[in-house]
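Bear in mind these aren't lab numbers, they're just calculated from the coordinates by the rules spelled out. Fair warning: this is a prediction, and the values are worked out from it, not measured in the lab. Every residue, glycine among them, receives a Cβ derived from its backbone with ideal geometry; neighbour counts consider all protein chains shown.
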Amino acid sequence: MNLELEGKVIAITGGASGIGRASALGAAREGAKIALIDRTDAASVAEEIADLGGEALALGCDIRDAVTVGATMAGIVERFGGVDVLVNCAGASGKDRKPVLETSDETWDAIIDTNMRGTFNVCRAALPALRERRGTIINIASELGLLGIANLTVYGASKAGVINFTRGLAVEEGEYGVRVNCVCPGPVDTPFVHHKPGAPRNAPAAATIMGRMGEAEEIADVILFLASPRASYITGSIVVADGGATAHC
């Protein structure tokens, strides 16, 4: 299917790896121009895109810092002339999975500041450019924003916040023609997923109906569809791509 992304400018946070990288490469194959935003070096992904014959800009940015985010977005607009699509893939889960009683203030701050403040910062900075082009935003939350699981309570709360932030922003931006949607992935085989030492690659597979983890490219396909004109009547929606994990207890 032609997603009609040729020439579109797509900014992706967390673009150096995982779902962000897969989305960047997929969009580049569709002819989009890519701005990679990440705390780590995304230059290698920009090089991959160049090898595909595409155009990409890699920018170092801590999305928790509103000033840096504003400067980064201004640089994207200066380079490409605007922004058509924003994909918020950057996220944090915390180094340790602990119950609330054992969760430190530092862990709370790291998760909430990245997943909620970061998403807020980037959306706010990008909105003027997105309004000009009647663009679209895709925020990445999680199946854990829809259900509870022990020892990931803070992470789940942050992703639930992203889900409702998406709904509210979609209502606010409807009059400007900006669509805002959210994708909730289930277990996906990316560097973001921390497996226990010695655990098999598909350790979380038992939580899904399909009996396997997802691949980053499968989530990227959902993201790129929502980014495209093919999804022109979809806004304020929460799309769950979790292999059926939330369909059963």
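Note on the chain: the C-alpha convex hull projects to 13.2 nm² when averaged across all orientations.
Here the relative contact order of the range 9-241, from alpha carbon pairs under 8 Å that lie six or more residues apart, stands at 20 percent. Near Asn139, once Lys and Arg are set to +1 and Asp and Glu to -1 for all other residues with Cβ below 12 Å from its Cβ, the sum equals +3. Per-residue ellipticity at 222 nm computed for the chain from its helices equals -11500 deg cm²/dmol, with DSSP H segments shorter than 4 residues left out and the rest contributing -39,500 (n - 2.57).
For the range 7-61, the relative contact order comes to 36 percent (Cα pairs under 8 Å, sequence separation of at least 6). Sorting Tyr176, Tyr233 by the number of Cβ atoms found within 10 Å of their own Cβ, with the fewest placed first, yields Tyr233, Tyr176. Spatial offset of the range 52-68 relative to the range 146-178 amounts to 23 Å, using the alpha carbon center of each. Of the trypsin sites (Lys or Arg not before Pro) in the range 25-103, the ones in a loop by DSSP (not H, G, I, E or B) with at most 10 other beta carbons within 10 Å are Lys95. Which one of Pro185, Ala56, Ala24 has its Cα pushed farthest toward the positive end of the charge dipole of the chain, where Lys and Arg give +1 and Asp and Glu give -1 at the Cβ? So the residue we want is Pro185. Residue-wise HN-Hα couplings along the range 234-240, as the Karplus relation 6.51 cos²θ - 1.76 cosθ + 1.60 with θ = phi - 60° gives them from phi, are 10, 8, x, 9, 10, 9, 9 Hz; Gly and Pro carry x.
In order along the range 9-21, phi translates into HN-Hα couplings of 9, 10, 9, 10, 7, x, x, 7, 7, x, 5, x, 4 Hz, rounded to whole numbers, per the Karplus curve 6.51 cos²θ - 1.76 cosθ + 1.60 with θ = phi - 60° and x for Gly and Pro. For the range 95-237, rounded, prolate or oblate, judged on the Cα gyration tensor with a ≥ b ≥ c (square roots of eigenvalues), a/c < 1.5 rounded, else prolate if a/b > b/c? It is oblate, given that a/c is not under 1.5 and a/b is not larger than b/c. Close lysine pairs were tallied over the chain: pairs 8 or more places apart or on different chains with Cα atoms under 30 Å apart number 8. Backbone geometry of the range 119-125 corresponds, through the Karplus equation with coefficients 6.51, -1.76 and 1.60 at θ = phi - 60°, to 3J(HN,Hα) couplings of 4, 4, 4, 5, 4, 4, 5 Hz, x marking Gly and Pro. The charge dipole of the chain, taken about its Cα centre with unit charges on the Cβ atoms of Lys, Arg (+1), Asp and Glu (-1) only, comes to about 380 debye.
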